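Everything on this sheet refers to the single structure shown next.
The values are calculated or read from the model by the stated rules, or taken from the named source; none is laboratory data. Source: prediction; values computed, not measured. Backbone-built Cβ (ideal geometry, glycine too); neighbour counts: all protein chains shown. Calculation scope for accessible area: heavy atoms of the full protein, side chains included, ligands and nucleic acids excluded. Shrake-Rupley method; radii C 1.70, N 1.55, O 1.52, S 1.80 Å.
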Amino acid sequence: ILSVKLSLLFVYLLYFPHIKSRMNRVVRSLLRRGLQAPKVAECSAKFRRTIATTSILLDKKVMNVPTMGDSITEGTIVEWAASVGQAVKEGDVIALIETDKVTVDIKAEIDGVVTQQFGAIDDTVEVGSQLYEIDTEAE
């Protein structure tokens, strides 16, 4: 019975990756309780509620190129101060973007681990385009 319940948890994880942190907490809770899982009906009802209410709470968040001035519409990435896999705190410099008027420090808005960079050094990026992805649940 336990293996069926854990299988159900992993199926939810595969089809609904945005509830990964919730699933991790449930699995850890099951392990702490000596693998005495709640009834399948309770799990099912709990996850239906979770799926409906936590769809906006993502582990990974894509950060966009911020506004750098009234007339500035694009810039060039001159340096990635944080590499993929690096943990950053709110306020840490992630990248430097140079425009025709100024060089801007792009700072982390939230704590997490940089999981993806959407541009290389010397690439031109437009204001509002995707710049990097950060995992808020990673350690």
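Points to keep in mind about this one:
- Tally, over segment 110-121, of residues that are assigned to a loop (DSSP other than H, G, I, E, B) and more than 12 Å from the chain's Cα centre (by Cα): 4
- Residue that is part of a strand (DSSP E or B), free of Cβ contacts under 8 Å to residues at least 60 places away in the same chain and not acidic (Asp, Glu), where the choices are Val84, Val78: Val78
- Total residues in segment 62-75, condition free of Cβ contacts under 8 Å to residues at least 60 places away in the same chain, part of a loop (DSSP other than H, G, I, E, B) and open to solvent by less than 60 Å² (accessible area, probe 1.4 Å): 3
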